[in-house]
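One structure is given here, and the rest of the page talks about it.
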Amino acid sequence: MEPVIAIKGLSKTYQTGLQALKTVDLDIKKGEIFALLGPNGAGKTTLISIVCGIVTPSTGRVMIAKALSHEPDILFLDEPTAGVDVELRRDMWNLVRGLRESGVTIILTTHYIEEAEEMADRVGVINKGELILVEEKASLMKKLGKKELTLNLSEVMETIPPALANWDLALRAEGHELVYAFDANAEKTGVPSLLRAMSDAGIGFKDLHTRQSSLEDIFVSLVHEERRGA
């Protein structure tokens, strides 16, 4: 199937010398939701602005995309839910999903991982003007699945006891916090069995919370892998 948008060898360097995009190649399929993830300044808006014909590229085959961008079956959303409350954000997600079901192709830029996870069919990751990864959402979510469970202990723990040796645990905050790293996408995360083992060992905690790998963590990991493979 021919892509509805084809981007080849696209780059953008501003008069100040800032290279906002570095040779981007990307095909967008008809009827998909494609989420472009990246922090502020990564190049998301520059890329979308070039495709829409608002910004002129320095190099690169955007004429196809510029022509198609004016058709009613393609929708560009640049950070659509930034500063929006949770309820309205979910209403917007439902609206976008309804448009996709009617055959609309949607290109979405966001720095919210949960937004890409909730809506996208494919995800691209852009950092410092470079498109460093394009994958199906399900595949990318496996890479983003790392979570940390932090337990605020009732009493200071000097060392991790043998009864908890089967889990990947670490002590933080001078023994006040016990941290467990796990894969949130795994069939068995190990969290329920850890809590049972702590109860059996008489180890109490006052509070707990989980932390998803941040976008910054993911970028650091991806860039590190990219350099290591270079």
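The values are calculated or read from the model by the stated rules, or taken from the named source; none is laboratory data. The structure displayed is predicted, hence computed values, not measured ones. Reconstructed Cβ throughout: ideal geometry from the backbone, glycine too, with neighbour counts over all protein chains shown.
Scan region 181-198 for residues that are outside any loop (DSSP other than H, G, I, E, B) and within 25 Å of A138 (Cβ to Cβ) and jot them down. Scanning region 181-198 gives A181, F182, D183, V191, P192.
Would you confirm, using the coordinates I've provided, whether L131 is assigned to a strand (DSSP E or B), at pLDDT 90 or above and surrounded by 14 or more Cβ atoms within 10 Å (Cβ to Cβ)? So L131 does not fit the description; no. Screening the candidates V220, V191 for the property of being more than 30 Å from A35 (Cα to Cα), at pLDDT below 95 and outside the structural domain of A138 (by TED's automatic domain parsing) yields one hit, V191. Of the residues that make up region 93-109, is at least one closer than 19 Å to A42 by Cα, buried (at least 17 other Cβ atoms within 10 Å of the Cβ) and among the aliphatic types (A, V, I, L, M)? Yes, because at least one residue in region 93-109 is closer than 19 Å to A42 by Cα, buried (at least 17 other Cβ atoms within 10 Å of the Cβ) and among the aliphatic types (A, V, I, L, M). Of the residues making up region 140-171, those that are surrounded by 12 or more Cβ atoms within 10 Å (Cβ to Cβ) and of a type in the set (S, T, Y) are T150, S154. Note on region 1-40: among residues that are closer than 26 Å to E114 by Cβ and out of contact with any helix residue (DSSP H, G or I) (no Cβ under 9 Å at 6 or more places or on another chain), the one that is surrounded by the most Cβ atoms within 10 Å (Cβ to Cβ) is F34. The number of residues in region 146-172 that are outside any loop (DSSP other than H, G, I, E, B), of a type in the set (G, A, S) and under 12 Å from M198 (Cα atoms) comes to 1.
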